[in-house]
Amino acid sequence: MSKYSYKVNIYLSRYKRGDESAFDKLYNYIANHLRCVAYSYLSNKLYTDDVVADVFVKLPHFIYQFDPNSDGYNWLYKIVRNVAFDYNKLDSHTKLSEENHINLALTLHKVSSKDTDSAIDINCVISELDAHERDLIERRFFRNQTFAEIAECYGVTKAAIYKRLQKILAKIREKLQN
């Protein structure tokens, strides 16, 4: 195992044991490498940062599967590859993620002069969000800012922005279902 992989293993092991600071250190240490991996597998290169952010959002759910005796870098590499494949599937017109459904509805509502029921519902739900949540939605879906651009504005990590957006989208989905 290389020194690089060894250090990744240390961060993953510490995070698995509950050391939250290891998560940020791992992100800072390996995110650029994982971007290169994602870039090599994506058909739409614009999703590179999103794939890496998605991996770090999913990491708490997968960390229990990590074996400290294995190569942590290769373990993360496989997760990035699989998430990139999922994003490639999202590019097809038949499979849109929940985020893309909302993005599409918001875009249609903004561009179209005719309101659709879903666009009206989404617009009403968005107007009920607090100012910070509305700002994140506007930046991501109306201004098409990347997670990196939004994170820079707020002075936080891309993973933090992704987590916040996922919570907001879950809130929107919940309100739309009710």
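Things worth noting here:
- Checking the cross-link pairs 78/158; 25/89; 78/163; 58/89; 89/175 against a 24 Å limit on the alpha carbon distance flags 25/89; 89/175 as lying beyond it.
- For segment 3-90: relative contact order, % (alpha-carbon pairs under 8 angstrom, 6 or more apart): 39 percent
- Here the gap between residue 29 and residue 167, fully extended at 0.36 nm per residue and compared with their Cα-Cα distance, gives a gain of 47.1 nm.
- Cα gyration tensor shape of segment 1-60, rounded if a/c is under 1.5, else prolate or oblate by comparing a/b with b/c: oblate
- Residues 80, 57 arranged by fewest to most Cβ contacts within 10 Å: 57, 80
- With a simple spin-label model that places each label point 7 Å from the Cα along the Cα-to-Cβ direction, the separation between residue 77 and residue 128 comes to 4.7 nm.
FYI, it's all coordinate maths here, none of it is from the lab. All of these numbers come straight from a predicted model, not from anything done at the bench. Cβ atoms come from the backbone with ideal geometry, glycine included; neighbour counts cover every protein chain shown.
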